[in-house]
1. Within segment B:126-151, can you find the residues that are at the interface with chain A (Cβ under 8 Å from one of its Cβ atoms) and aliphatic (A, V, I, L, M)?
2. For segment B:69-81, state whether one or more residues are farther than 19 Å from B:Gly109 by Cβ and not aromatic (Phe, Trp, Tyr).
3. Can you spot a residue in segment B:178-191 that is more than 29 Å from B:Ala35 (Cβ to Cβ) and of a type outside the set (A, V, I, L, M, F, W, C)?
4. Since B:Gly46 meets every condition but one in (1) outside any helix (DSSP H, G or I); (2) out of contact with any Cys (no Cβ under 9 Å at 6 or more places or on another chain), which condition does it not meet?
5. Among the residues in segment B:68-89, are any in contact with a strand residue (DSSP E or B) (Cβ under 9 Å, 6 or more places away or on another chain), assigned to a strand (DSSP E or B) and touching a residue at least 60 places away in the same chain (Cβ under 8 Å)?
6. May I ask you to list the residues in segment A:48-60 that are touching a residue at least 24 places away in the same chain (Cβ under 8 Å) and either closer than 13 Å to A:Thr81 by Cβ or surrounded by 18 or more Cβ atoms within 10 Å (Cβ to Cβ) (or both)?
7. Is one or more of the residues making up segment B:145-154 under 30 Å from A:Gln55 (Cα atoms), assigned to a helix (DSSP H, G or I) and in contact with a His (Cβ under 9 Å, 6 or more places away or on another chain)?
Amino acid sequence: MDEQVSGGYASDLLSDVIANSKAGNVWVTMQVHVNIVAVAVLKELAGIIIVQGRQPSEDTLRKAREEKVAIIVSNLPAFETVGRIHSLLEGRS
Amino acid sequence: MSPRNIAAQAGKRGIMLLAICDHNSAENVAAVMKAAEASDVTVLPGMEVCSREEIHVLAIFEDLAPVLNLQSIVYEHLAGKNDPEAFGLQVVSNESDEVIGFQDRLLIGAVNLAVDEIVDTIHKLRGVAVASHIDRQSFSVISQLGFIPETLKFDALELSSNIGDEEARRRFVAYGDSTFIRNSDAHDLEDLGKNTSEYLLEYPSFREIQKAFRNLDGRLVCEA
């Protein structure tokens, strides 16, 4: 992920992410459906972190490669994942 | 909501086509079909499947065999045990309203299948797949996925009683080419028939509404 991360957004409802996330946010979710890529592009998100070790589907990965959207998988549940990223982001400012 | 009560109430309210779509299960469908046999209500077998993304999809079929097939697939991918204290008893009834058993699985849960797989499976079983209450803020394909992808081929999109036709036309203008229908989504007898669509059909049957969804041979869903 080369993008400048402006912050983060955690939500599993894509409609909510569309409404409330900000450009440059890293998105933490357990959704693996291909639509997550379109949402990340639409909202200019820094990337997507999928939690709980869930695997994005083949078509999601394909779309992500096409659109150059970074997808990272965390084996931790959402709460811990968000906690760690939040600390990282706070730490650097 | 026993089979005989459902059949009676539907008859009383002038409902001619009634699809039974219980959450992740179809064990009570046959009983309602039998209970309604002597009435003017045509009962169609169905199920409301909750996908991995927590999207509700209505599956409606021509007969019992495919819905029971879907039920096996759903049960195979459904984890967890019901908690009757938290969620109530999951009763299985016969057409005489007698309790013949209880379903132990966590029917309120999500099936570990993607929405695309579910729609595919419904089509392979020759049923129709309807996106449930797309206007709702939860459990709708739009709330969960933000938009309906091109590849997801629903036969119709359902509107709940929470949204009027004018507003629906505006909000869902992007899906203007789709077939919109209204259903009561009744969870109790009072709600039966509170939200309905009128269809122009030759007679009430699965094949007729399947044609109506496609606007085929003059069959259609009447404009509100």
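We did not get these values from a lab; they are worked out from the coordinates using the rules stated. Everything quoted here is computed from the prediction, not taken from an experiment. Reconstructed Cβ throughout: ideal geometry from the backbone, glycine too, with neighbour counts over all protein chains shown.
1. Residues satisfying the conditions are B:Ile142, B:Leu145.
2. yes
3. The answer is yes, given that some residue of segment B:178-191 is more than 29 Å from B:Ala35 (Cβ to Cβ) and of a type outside the set (A, V, I, L, M, F, W, C).
4. (2)
5. no
6. Hits for segment A:48-60 are A:Ile48, A:Ile49, A:Ile50, A:Val51, A:Gln52, A:Arg54, A:Pro56, A:Thr60.
7. yes
Yes or no, residue by residue, for (1) assigned to a helix (DSSP H, G or I); (2) touching a residue at least 24 places away in the same chain (Cβ under 8 Å); (3) out of contact with any helix residue (DSSP H, G or I) (no Cβ under 9 Å at 6 or more places or on another chain):
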{"position": "B:Thr121", "(1), (2), (3)": "yes, yes, no"}
{"position": "B:Arg126", "(1), (2), (3)": "no, yes, no"}
{"position": "B:Ala129", "(1), (2), (3)": "no, yes, no"}
{"position": "B:Arg136", "(1), (2), (3)": "no, yes, no"}
{"position": "B:Thr196", "(1), (2), (3)": "no, yes, yes"}
{"position": "B:Tyr203", "(1), (2), (3)": "no, no, yes"}
